[in-house]
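Reviewing the structure listed below.
Just so it is clear, none of the values below were taken in a lab; they were calculated from the coordinates. Please read these numbers as outputs of a predicted model, since none were measured by experiment. Reconstructed Cβ throughout: ideal geometry from the backbone, glycine too, with neighbour counts over all protein chains shown.
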Amino acid sequence: MKLNIDGLLVYFPYDYIYPEQYSYMLELKRTLDAKGHGVLEMPSGTGKTISLLSLIVAYQKAFPLEVTKLIYCSRTVPEIEKVVEELRKLMEFYSKETGESNNFLALALSSRKNLCIHPEVSSLRLGKEIDGKCHSLTASYIRAQHHGDPSVPVCRFYEEFDSVGRQVPLPAGIYNLDDLKDYGRRKGWCPYYLARYSILHANIVVYSYHYLLDPKIADLVSKELAKKSVVVFDEAHNIDNVCIDSMSVNITRRTLDRCQNNVDTLQNAIQKIKETDAAKLKEEYRRLVEGLKEANVARETDVYMANPVLPDEILQEAVPGTIRTAEHFVGFVRRFLEYLKARLRVHHVVQESAPQFLKDIFDKVCIDRKPLRFCAERLRSLLRTLEIADIADFSAVTLISNFATLVSTYSQGFTIIIEPFEDRTPTIANPVLHFSCMDPSIAIKPVFERFQSVVITSGTLSPLDIYPRILDFRPVTMASFTMTLARTCLCPLIVGRGNDQVALSSKFETREDFAVIRNYGNLLLEMSAIVPDGIVAFFTSYVYMENIVASWYEQGILENIQRNKLIFIETPDAAETSMALEKYQEACENGRGAILLSVARGKVSEGIDFVHHFGRAVIMFGVPYVYTQSRILKARLEYLRDQFQIRENDFLTFDAMRHAAQCVGRAIRGKTDYGLMIFADKRYARADKRGKLPRWIQEHISDGSLNLTVDETVQLSKHFLRQMAQPFRQEDQLGLSLLTLEQLESEEMLKKIAQMAHQS
Amino acid sequence: MLVSSYFADTSGTVIMDEEPERAKRWEGGYERTWEVLKEDESGSLKATVEEILFQSKRKRVIESHGQVRLGMMRHLYVVIDCSRSMEDHDLKPNRLTSTLKLMEAFVEEYFDQNPISQVGIITTKNKRAEKLTDLAGNPKKHITALKKAVDSVCVGEPSLYNSLSLAIQTLKHMPGHTSREILIIFSSLTTCDPANIYELIKTMKTLKIRVSVIGLSAEVRVCTVLTRETGGFPQHTIASLADQDAKPSFSMSHLDSSSDPGLSLGGYFCPQCHAKYTELPVECKICGLTLVSAPHLARSFHHLFPLEAFTESPVEEHQGDRFCQACQGQLKDKSVFSCPACRSVFCVECDLFIHDSLHCCPACIHGQCAT
């Protein structure tokens, strides 16, 4: 249907629209008009993606000079594929309605692992191996060698692309990863480099967060994207953690040992090259004197590792003299390495700031700040000069040099924590140096500054105001939309007590309490008897889950549960978990029924959807607080308090509640879906916890369902499940939660939508 | 005009002229009609759910189910879940007892409406399926078996696969022109199957066996798929247990009679005063309305519109085929009878039969069907 969104003609590829989609588009339009940033929350399964796409595409068509590009960032490859499929549907609708062929180019981009079509390289399993192998076939010096000596292998796909591909732009259309691969195969071009090249002139790019947020990758891929782009971060409730992870470095003894090997290899290589081709090193030296600017104009394939910080001025300067020659630099790295080794030989925990660390390193081994800053850049240059093909081996020394550059560049927002052993195993020495970023805004700041509109959206962003604070930006629109429903298909219940009136809680003091564990077991047992098909249960951590499950086993609760349903358990091992997941789905499919025990913050809680019968109930055992004894967390909390005036408790609760919401939100993936959401902890009943749940969950929590016993929960659930089992068809939604164009344009509905937007 | 005078009469106050009132409508407050529509006092949208249910009920009455058409000769296996979950007390006194009780009524009703059909009963418990009764056309046998089954213990898990394959074994030998059906009354939420049930569903589809499911607890995915694939009625789950007829109550007709005033569950309710009666026809003791059921009305309907007498004419005058339209026999008598509406001719025997028993002209009906 064709919609009129605040004066903008929007093509919407479906015959029906949800009212919240309409208001979502209104808000989005406002954000784009203001050329500002926005934070929008809308429940999953209400068509966020298509609303975003249809509005922004319409905007691009209407104002081609205002918005030139849409950069859609998603988390996983399946999600990326889903977005592209929606886009394809939209574009088909466009060409059907307007009758003209489209000149839109949209494509997905992923790593080499998903795009490589080279028969040998793509058969490798690990992403790192593929990257390394690819580099060894496409690096410029390899290709130069190939020129002289054709026996040196190169990638024919890249060669083909390099010689022809660049002149002919990718024809307009929608390309998902497979389409790119097909196209690449047909033409004999490398799809990965084709995609990377094509995003420069594509209208819509769909890729992973990391291509924008992780400075090491962003520099390679997203450097030349136009300022007039709209950036969308979908499923962005964890964006702060992504930012932090991309800037943090962990160094263990093993890293250092491997780094030592790397350095030795480098040394040998330098020796060898000195004997055979001393001119090369001289040439490099000359280049470094002239500054990195020129060195940076390298071929794209060489840029295997980028500088993790890249403030522009660094590129203008010349590399300091102390590390200009190759031997000196290797010696320098060696010295730095020895220093780190010495630091790791501590017996107590050390925490210091970056300036402290720099001062200490200057005092002890006379390493200045400036050469440290150039470490990453210098290593890159050296590796290129030495023509080392298999770069994957050098990940350790790369890591160390990244660390050196980061620690000397940022004086604020980072902390260094050296722990001699893990908290859980205080007897086993396993020293780790955490160089931890505490300020997510450091990584995302360039994005906010560079692009005119950045939209952060997800199903669970509540409370909305905290994201602008921790990411340090000022949004022009902030809105939370709820799900309009023709029937109440979600049923959040807070179970506060067992049948014996013992308060249920996962808080530290009662964690080992027998009565609590037994009552949790009873809850699961009773639910397993009344909920059809699949139940997903989340625990706060693996340790807690292990304890509880062991205890249930001893008490015979597990055995009773197994009479009703099969039990599957998520483990930290990805292969094991996906196996369990597969079997779980099979059991739900054929009527046996199953329970999946998993962990909040785990793989299951983040990426797996339990539609319809795969998740008729989600039980959240306890409040998933992050492990508060961790020193990194403590440092971060302190930083948040000092810099952003966010109290520790507020942040912890916010973090716990967003994960809880993520977990329970797994069950509802659309309006025809239904599911129970059981919060088994009495702390959820408190206003400060409950108030941080997303609005679409909150508004269904009635006062009557705040502090239930297990029995009451069972009664309410039974009733709910019976209600929901009644036949429900699309026609029943019409006019209430699903609108045709006429209904949408009716006076009454517009008023109602305006009302909805007001509340947020 | 009429309306305003009506108001004036009933309320005793004078209603103002309507014109200025309408002109000021936008000056009034917001009319939040959507709120009135949907939310009940607890803020939930339960009312709308009921509304939806009600509408679909209506629909079921108005239009028959598109995908399902019941045949004349039916072979039906009823699978009764006798697993542990049947001991649940949410249906009083427990699920098993009430299910079996209703089954008795069902069997009677079934044979009443499908006199040339057969029914068989299978129970499933402890991962096994057993035949309670074979396919047979005699209601008595089934009812005695059902009565006996009340005392059986409910243990273990049901097995959909086993009970379906047990039913298939017999049903697949039934002739193709009869309809083969399975009705499952499913109380448990799990099933213990020895093999992949989806294979079985495929075989049932090829055998044209239709499966319908009545769920007692909640919607189970495999049942939904089962009914959808085999073309049965969509899985029906009992909605709420607080129906009026779930509460035992006295019948009005028993109140004044001294013979034992038993409590009964079902019954007929007077549409005016909601008094309950167990038997019809009866005159309501409270409001005096005559209460009858639809079949009663149908049976007496023809008296209202009696079939017109056929015109008698000598056989010599009749043109065309000398066959009776009804019995296809030769017209041997000296006079024939023709329907004034469709001009079909009948012999004297058929004329009598039509007027005494059928009350409608078969040729007219046939003509209506054809068009």
Partner shielding of A:585-593, taken as the mean number of other chain Cβ atoms within 10 Å, equals 6
Beta bridges by DSSP in chain A, antiparallel share as percent, to the nearest 5
25 percent
Arranged from highest to lowest average of other beta-carbon atoms within 10 Å per residue, in what order do the peptides A:271-278, B:79-86 appear?
B:79-86, A:271-278
Size of electric dipole in the protein assembly as shown: Cβ of Lys, Arg +1 and of Asp, Glu -1, about Cα centre, debye, nearest 20:
2820 debye
For a quick check: with amide H placed at 1.01 Å from N, whose amide H comes under 5 Å from residue A:623's, ignoring anything fewer than 5 positions away on the same chain?
A:506
Pseudo-spin-label distance residue A:428 to residue A:289, built 7 Å along Cα→Cβ, given in nm, is 5.3 nm
Semi-axes of the range A:434-584's equivalent ellipsoid from the Cα gyration tensor, sqrt of 5 times each eigenvalue, largest first, rounded to whole Å?
39, 21, 18
What average number of partner chain Cβ atoms lie no more than 10 Å from the Cβ of the residues making up A:432-442?
0
Quick query: amide H of residue B:77 versus all other amide H atoms, modeled in the peptide plane; which residues come in under 5 Å with a sequence gap of 5 or more or a different chain?
B:120, B:181, B:182, B:183
Asserting the computed 222 nm helical MRE of chain A (DSSP H runs at least 4 long, -39500 (n - 2.57) per run, divided by residue count, to nearest 500) equals -15000 deg cm²/dmol
Among A:159-168, A:256-265, what's the highest-first ranking by average C-beta atoms within 10 angstrom per residue?
A:256-265, A:159-168
Quantify how strongly other chains surround peptide B:221-227 by giving the mean number of their Cβ atoms within 10 Å of each of its Cβ atoms.
5
Sequence ranges A:611-622, A:514-525, ranked by mean other-Cβ count within 10 angstrom, highest first
A:611-622, A:514-525
Among A:704, A:321, A:126 the positive-end extreme of the charge dipole of chain A (Cβ point charges)
A:321
Putting +1 on Lys and Arg Cβ atoms and -1 on Asp and Glu Cβ atoms, find which of A:619, A:155, A:574 reaches farthest to the positive end of the dipole of chain A.
A:155
When the dipole is taken about the Cα centre of the range B:265-371, and only Lys, Arg (+1) and Asp, Glu (-1) are charged at their Cβ, what size is it in debye, to the nearest 20?
460 debye
Size of the range A:530-578 as Cα extents on the principal axes (Å, biggest first)
29, 25, 17
Residues whose placed amide H lies under 5 Å from that of residue B:191, excluding near-sequence neighbours:
A:592
How high is the FRET efficiency between residue A:699 and residue A:465 when r is their beta carbon distance and R₀ equals 22 Å, given to the nearest 0.05?
0.75
Convex hull over the Cα atoms of the range B:122-185, averaged projected area in nm²?
4.7 nm²
Taking the inverse of the average 1/r across all pairs of different Cα atoms in the range A:589-650, what Kirkwood radius in Å do you get?
14.8 Å
Could you quote the convex hull projected area for chain A, Cα atoms only and averaged over all directions, in nm²?
34.3 nm²
Burial ordering of B:192, A:437, fewest other beta-carbon atoms within 10 Å first:
B:192, A:437
With point charges of +1 on the Cβ of Lys and Arg and -1 on the Cβ of Asp and Glu, referenced to the Cα centre of the range A:619-755, which listed residue (A:674, A:750, A:661) lies farthest in the positive direction of the dipole?
A:661
On full extension of the chain, what length is gained from residue A:126 through residue A:393, given 0.36 nm per residue of separation minus the C-alpha to C-alpha distance?
94.8 nm
Of the GluC sites (Glu not before Pro) in the range B:271-371, which ones lie in a loop per DSSP and count no more than 16 other C-beta atoms within 10 Å?
B:279, B:308
Loop only by DSSP, 11 or fewer other Cβ within 10 Å of the Cβ. Give me the trypsin sites (Lys or Arg not before Pro) in the range A:367-444 that pass, ordered by residue number.
A:424
In the range A:377-520, what is the volume of the convex hull around the alpha carbon atoms, normalised per residue and reported in Å³?
279 Å³
Rounded to whole Å and sorted largest first, what semi-axes of the equivalent ellipsoid does the C-alpha gyration tensor of the range A:349-426 yield via the square root of 5 times each eigenvalue?
26, 19, 10
The range A:630-712, Kirkwood Rh and Cα Rg, ratio Rg/Rh at 1.06
At R0 = 30 Å, FRET efficiency that the Cβ-Cβ distance of residue B:327 and residue B:296 yields, to 0.05:
0.45
Which of the pairs A:223/A:272; A:359/A:634; A:445/A:634; A:583/A:689; A:48/A:89; A:89/A:603 have their Cα atoms more than 26 Å apart in this structure?
A:223/A:272; A:583/A:689; A:89/A:603
Can you figure out the FRET efficiency of residue A:85 with residue B:353, using R₀ = 56 Å and their beta-carbon distance, to the nearest 0.05?
0.25
Magnitude of the Cβ-charge dipole of the range A:441-556, K/R +1 and D/E -1, about the Cα centre, nearest 20 debye?
560 debye
Estimated D of the range A:613-760 in µm² per second, where Rh is the Kirkwood radius over Cα pairs and Stokes-Einstein applies at 20 °C, 1.002 mPa s
117 µm²/s
